[in-house]
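K.L.:
Here it is, the structure, as structure tokens.
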Protein chains: 2
Amino acid sequence: MRIVVALGGNAIQTREERGTASEERAAVREACEGLASLAASGHELIVTHGNGPQVGRLLLLNASAPRHVVPMPLDLLVAQTQGELGCVLQQELGPALARAGAARPVVAIVTQVLVDASDPAFLRPAKPVGPYLSDEEATALRRAGVAVGRAPRGGWRRLVASPRPREIVEEEALRALVAAGAVPVACGGGGVPVLREGEALRGVEAVVDKDRAAALLVRASGADLLLILTDVDHVFSGFGTPEARPLARLTVAEARGGLERGEFPAGSMGPKIEAAIEVVESGARAVITSLEAAAAAVEGRAGTSIGPM
Amino acid sequence: MRIVVALGGNAIQTREERGTASEERAAVREACEGLASLAASGHELIVTHGNGPQVGRLLLLNASAPRHVVPMPLDLLVAQTQGELGCVLQQELGPALARAGAARPVVAIVTQVLVDASDPAFLRPAKPVGPYLSDEEATALRRAGVAVGRAPRGGWRRLVASPRPREIVEEEALRALVAAGAVPVACGGGGVPVLREGEALRGVEAVVDKDRAAALLVRASGADLLLILTDVDHVFSGFGTPEARPLARLTVAEARGGLERGEFPAGSMGPKIEAAIEVVESGARAVITSLEAAAAAVEGRAGTSIGPM
């Protein structure tokens, strides 16, 4: 099978949260062992990944830049995290594949995703990014026209739009790499969001949900399966209630029903379910599970499988 | 012809030196117009670029990070600049090629270059990087085992090794992209230097000269020509003296002689000449010129052409 693997922040993030390069590498290494065993079973892989902690660190560095250093816009910070995590994935996945007897070239590509200027998400920026802000900092930002919102645990954070990705700009290059037998790392952090203006491309200060971008990757690469790896083995019905129970299967109709009833929170499971629905409707299959259960889930023995019925 | 184009800091760097994203983009756009006209003449392109100002900014941001933010090592900062500049090049070169009637996929790949742990450069770190330091800061760094050196215009700077690149780790992926008709952007900033330790790859805090990496790219991609773009139209003999005169041609023997006599300064023209010699010895051709003269130089009507004799 050709599989798009979406590594969630939780699958590659360090638990200690100090965010050193060596912690980051150790977390990525663990994930790569799992990916290598999938490749050793004969599957073709395309890898994508979140970048929450990494883009958060860059936003923080830019926010505390010395006066003479000009901060970079968010879209270029996303591109920087694609370089950083792409490099770590190349360093860890290449050797892990070789150890597993499935040596293949691993290559991270800088990936842009087209978004629409008319996307309603631009009217209501809702995705919190960057450092926590004091009341004064939040007021100053709001006066400068930047959206801010109260953080659940106090303080404020900057809010940006999370528009729907429409197309992967580097789709042809991606397919060439897949055809050549490489393992591409693409759409890191959801991809760099860009608007098309005539023939030009212009980056926008927004973030694209990585699971939605992963669904696009499935289409662009002709993959059979979207494997979303997160911190739980299953999707749960009634998550967080005494009636919570893990779901082995979910039809598109059930998934839609759960989304409408608000059973899958917007910030976490919701976008994964939406991505899974999109993938199933385009004729492929989707599985949501943990890194540990990935190999079994691909064989249908673990995780939550989302199918047409 | 298949041409590796090496864009020097001077070819893509803003003159104002404030370093904003829009200045960076404007400089890249200008360079891309020149590249697009080469593509429109039927040439295949592989692009590489310097990253001096960009990695300098990241080093500065990391040096002034708030206490709870862990700085990233230099090799991952180079990877971040590959993401940043790769993205800007994709955004500018793709549309420029389309406008010139030579539409092709442009894709930046994160690129690692193997270096040797026994490279003598590691014994004498000589390449200044990052912000200027006070006497106190320099002393503190030296006590922590970090090499520092006096900057020509006062103050101190951190020194890192600039080892010779031996091999491009992502060589196969690069060739697949060239074969598919794409324009790869590779080895940005000279590539991320890595050591091979058994099967593992480990990043090292060093920087690789981008012109030397460009010479490797010529070999890896089977290119016919290395086109080094810098801020002068020609290599000069007696540069900076009253006898300075531009050279239209330079044989490998003459180039070697000039290097031995110290005619080509180590920090600027020296590595370009060395890269040109390497390329010519592997059977290709090299031209050193400015962005403005690039098209004429490829046709042998401008710049300094380095050949076997």
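The values are calculated or read from the model by the stated rules, or taken from the named source; none is laboratory data. Bear in mind the structure is a predicted one, so any value in this text is a computation, not a measurement. Note: ideal-geometry Cβ built from the backbone for every residue, glycine included; neighbour counts use all protein chains shown. In case anyone asks, the SASA skips ligands and DNA or RNA and just uses the protein heavy atoms, side chains included. Shrake-Rupley method; radii C 1.70, N 1.55, O 1.52, S 1.80 Å.
K.L.:
List the number of the failed condition for B:Val146; all other conditions in (1) without any contact (Cβ under 8 Å) to a residue 40 or more places away in the chain; (2) not in a loop (DSSP other than H, G, I, E, B) hold.
P.N.:
In the conditions (1) without any contact (Cβ under 8 Å) to a residue 40 or more places away in the chain; (2) not in a loop (DSSP other than H, G, I, E, B), B:Val146 misses (2) alone.
K.L.:
Of the residues B:Leu159, B:Leu174, B:Leu141, which single one is within 14 Å of another protein chain (Cβ to nearest Cβ) and either within 21 Å of B:Gly270 (Cα to Cα) or assigned to a helix (DSSP H, G or I) (or both)?
P.N.:
Details: B:Leu159 fails: within 14 Å of another protein chain (Cβ to nearest Cβ); B:Leu141 fails: within 14 Å of another protein chain (Cβ to nearest Cβ).
The conditions single out B:Leu174.
K.L.:
A further question on this structure: Just checking, how many residues over region B:227-242 are open to solvent by less than 80 Å² (accessible area, probe 1.4 Å), assigned to a loop (DSSP other than H, G, I, E, B) and closer than 16 Å to B:Ala294 by Cα?
P.N.:
3
K.L.:
Residues B:Ala36, B:Ala63: which one is touching a Lys or Arg at 6+ places or on another chain (Cβ under 8 Å) and in contact (Cβ under 8 Å) with a residue 24 or more places away in the chain?
P.N.:
On the way: B:Ala63 fails: touching a Lys or Arg at 6+ places or on another chain (Cβ under 8 Å).
Of the residues listed, the single one that is touching a Lys or Arg at 6+ places or on another chain (Cβ under 8 Å) and in contact (Cβ under 8 Å) with a residue 24 or more places away in the chain is B:Ala36.
K.L.:
Among the residues of region B:40-65, what is the count of those that are under 25 Å from A:Arg67 (Cβ atoms) and either among the hydroxyl-bearing types (Ser, Thr, Tyr) or open to solvent by less than 30 Å² (accessible area, probe 1.4 Å) (or both)? Steps first, answer last, please.
P.N.:
Looking only at region B:40-65, we keep the residues that are under 25 Å from A:Arg67 (Cβ atoms), and these are B:51-65.
Of the ones still in play, those that are also either among the hydroxyl-bearing types (Ser, Thr, Tyr) or open to solvent by less than 30 Å² (accessible area, probe 1.4 Å) (or both) are B:51, B:54-59, B:61-62, B:64-65.
Summing the residues that are under 25 Å from A:Arg67 (Cβ atoms) and either among the hydroxyl-bearing types (Ser, Thr, Tyr) or open to solvent by less than 30 Å² (accessible area, probe 1.4 Å) (or both) in region B:40-65 gives 11.
K.L.:
Here's a follow-up. Quick one: would you say A:Leu97 is closer than 22 Å to B:Gly191 by Cβ, facing chain B (nearest Cβ under 9 Å) and not polar (S, T, N, Q)?
P.N.:
Details: closer than 22 Å to B:Gly191 by Cβ: yes; facing chain B (nearest Cβ under 9 Å): no; not polar (S, T, N, Q): yes.
The answer is no for A:Leu97.
K.L.:
Let me ask something else about it. Give B:Ala121, B:Ala126, B:Ala138, B:Ala144 a once-over and let me know the one that is of a type in the set (Gly, Ala, Ser) and at pLDDT 95 or above.
P.N.:
Values: B:Ala126 fails: at pLDDT 95 or above; B:Ala138 fails: at pLDDT 95 or above; B:Ala144 fails: at pLDDT 95 or above.
Within the list B:Ala121, B:Ala126, B:Ala138, B:Ala144, the selection yields B:Ala121.
K.L.:
When region B:295-305 is examined, which residues are found to be open to solvent by 20 Å² or more (accessible area, probe 1.4 Å) and part of a loop (DSSP other than H, G, I, E, B)?
P.N.:
B:Glu299, B:Gly300, B:Arg301, B:Ala302
K.L.:
Then there is this: So B:Glu92 fits all but one of (1) at the interface with chain A (Cβ under 10 Å from one of its Cβ atoms); (2) out of contact with any Lys or Arg (no Cβ under 6 Å at 6 or more places or on another chain); what number is the exception?
P.N.:
That leaves (2) as the condition not met.
K.L.:
Also, I was wondering about something else. Determine whether A:Gln80 is modelled with pLDDT under 95 and not small (Gly, Ala, Ser). Give the steps one after another, and end with the answer.
P.N.:
Working: modelled with pLDDT under 95: no; not small (Gly, Ala, Ser): yes.
Criteria not met by A:Gln80.
K.L.:
Restricting attention to region A:43-73, which residues are modelled with pLDDT of 95 or more and either among the aliphatic types (A, V, I, L, M) or more than 14 Å from the chain's Cα centre (by Cα) (or both)?
P.N.:
Scanning region A:43-73 gives A:His43, A:Glu44, A:Leu45, A:Ile46, A:Val47.
K.L.:
Continuing with the same structure: What is the one condition in (1) open to solvent by less than 20 Å² (accessible area, probe 1.4 Å); (2) at negative phi that B:Gly190 does not satisfy?
P.N.:
B:Gly190 satisfies all of (1) open to solvent by less than 20 Å² (accessible area, probe 1.4 Å); (2) at negative phi except (2).
K.L.:
Suppose the filter is among the β-branched types (Val, Ile, Thr) and over 19 Å from B:Val4 (Cα atoms); does B:Thr241 pass it?
P.N.:
On the way: among the β-branched types (Val, Ile, Thr): yes; over 19 Å from B:Val4 (Cα atoms): yes.
Spelling it out, B:Thr241 is indeed among the β-branched types (Val, Ile, Thr) and over 19 Å from B:Val4 (Cα atoms).
K.L.:
Sort out for me the strands (runs of 3 or more DSSP E) sitting completely within region A:92-135 that have 3 or more residues that are under 30 Å from B:Leu114 (Cα atoms), among the charged types (D, E, K, R) and open to solvent by 30 Å² or more (accessible area, probe 1.4 Å).
P.N.:
So the answer is none; nothing clears 3.
K.L.:
Does region A:67-87 contain any residue that is in a loop (DSSP other than H, G, I, E, B), under 18 Å from B:Glu170 (Cβ atoms) and at the interface with chain B (Cβ under 9 Å from one of its Cβ atoms)? Show your work before the answer.
P.N.:
Of all residues in region A:67-87, those in a loop (DSSP other than H, G, I, E, B) come to A:67-73.
Still in the list and also under 18 Å from B:Glu170 (Cβ atoms): none.
There is no residue in region A:67-87 that is in a loop (DSSP other than H, G, I, E, B), under 18 Å from B:Glu170 (Cβ atoms) and at the interface with chain B (Cβ under 9 Å from one of its Cβ atoms).
K.L.:
Out of B:Ala179, B:Ala215, B:Ala140, report the one residue that is aliphatic (A, V, I, L, M) and touching a residue at least 12 places away in the same chain (Cβ under 8 Å). Break it down into steps so the answer makes sense when it comes.
P.N.:
Values: B:Ala179 fails: touching a residue at least 12 places away in the same chain (Cβ under 8 Å); B:Ala140 fails: touching a residue at least 12 places away in the same chain (Cβ under 8 Å).
It is B:Ala215.
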